[in-house]
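One structure is given below, encoded as structure tokens.
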Ligand SMILES: C[S@@+](CC[C@H](N)C(=O)[O-])C[C@H]1O[C@@H](n2cnc3c(N)ncnc32)[C@H](O)[C@@H]1O
């Protein structure tokens, strides 16, 4: 369990707009703000006995000098979709322009960015993330990242990010709130080459999907619930899944539960 009292936020430079962002994040997620005061990052961590330090920079927030938001595979996936190639997640979601998607496990938002690209500006996409640190890094990354094409950037800016756990959020939703509800829980066995999410591992929530959550997700979905898991995972085989999408050589598969 992460102790927020031992986590603080500072800025790369003593600039007013960076300090404003740091203060906003501090208030929102309940960590400490420490003015930079020309101190080295090591000194701040040592002097304040911190386990983790977030630094607000112009284009991103960096945690412990190593974890930061990046759109990762979302950029090449969008490029491939534009060329008319298939994306198994998009196939499983069966989404089109104007649809609404609830991503219950936002993480680095790579999947959400791809879904957001497909549904476009007329669509609605909400991402839920329970870890306050991952929430802050991804939320700020999505609004400030300059990486990728115009299409990827528009897709990033269109995602609404909420700091909650999906259990609470789903319970409050009324029936048929989103066309598709999506889950990509943390895998039991890390896919070692999946560098994209290695940085967030230490902060992530490893909750298992329960039958109650899936029941609530189906209630909140107008059309379908999609669950991603690694190819040797056991979640999907215990559910009445309509279809499983994922190539023979793919490391992951997508289970579709129809309404
Ligand atoms: C495997 S990552 C998702 C990666 C994401 N699909 C992407 O493309 O970047 C799973 C994320 O879901 C979050 N998570 C796990 N359980 C959750 C819960 N009960 N409520 C909200 N978020 C949760 C974790 O903290 C983690 O950031």
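The values are calculated or read from the model by the stated rules, or taken from the named source; none is laboratory data. Just so it is clear, the model here is predicted, and its values are computed rather than measured. Methodologically, a virtual Cβ is constructed for each residue, glycine included, from the backbone with ideal geometry; neighbour enumeration extends over all protein chains shown.
Observations on the model:
- Some residue of the stretch 191-208 being within 18 Å of the chain's Cα centre (by Cα), more than 10 Å from the ligand (Cβ to nearest atom) and either in a strand (DSSP E or B) or modelled with pLDDT of 85 or more (or both): yes
- Selection from the stretch 10-34 of residues that are part of a loop (DSSP other than H, G, I, E, B), free of Cβ contacts under 8 Å to residues at least 60 places away in the same chain and either in contact with a helix residue (DSSP H, G or I) (Cβ under 8 Å, 6 or more places away or on another chain) or assigned by TED's automatic domain parsing to the domain that holds residue 131 (or both): 12, 34
- Residue ID - modelled with the lowest pLDDT, chosen from residues in the stretch 219-239 that are part of a helix (DSSP H, G or I) and surrounded by 16 or more Cβ atoms within 10 Å (Cβ to Cβ): 236
Here's the yes/no breakdown for (1) assigned to a helix (DSSP H, G or I); (2) surrounded by 14 or more Cβ atoms within 10 Å (Cβ to Cβ):
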residue: 212; (1), (2): yes, no
residue: 217; (1), (2): yes, yes
residue: 241; (1), (2): no, yes
residue: 249; (1), (2): no, no
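- Residue within the stretch 112-129 that is more than 19 Å from residue 92 (Cβ to Cβ), more than 17 Å from the chain's Cα centre (by Cα), loosely packed, with under 15 Cβ neighbours inside 10 Å and away from the ligand (no atom under 14 Å from the Cβ) present: yes
- Residue match in the stretch 130-145 (condition: touching a strand residue (DSSP E or B) at 6+ places or on another chain (Cβ under 6 Å) and near the ligand (Cβ under 9 Å from one of its atoms)): yes
- Counted residues, the stretch 67-111 - those being exposed (fewer than 14 other Cβ atoms within 10 Å of the Cβ), more than 16 Å from the ligand (Cβ to nearest atom) and not in a loop (DSSP other than H, G, I, E, B): 1
- The stretch 56-66, residues that are buried (at least 21 other Cβ atoms within 10 Å of the Cβ) and over 19 Å from residue 148 (Cβ atoms): 56, 63
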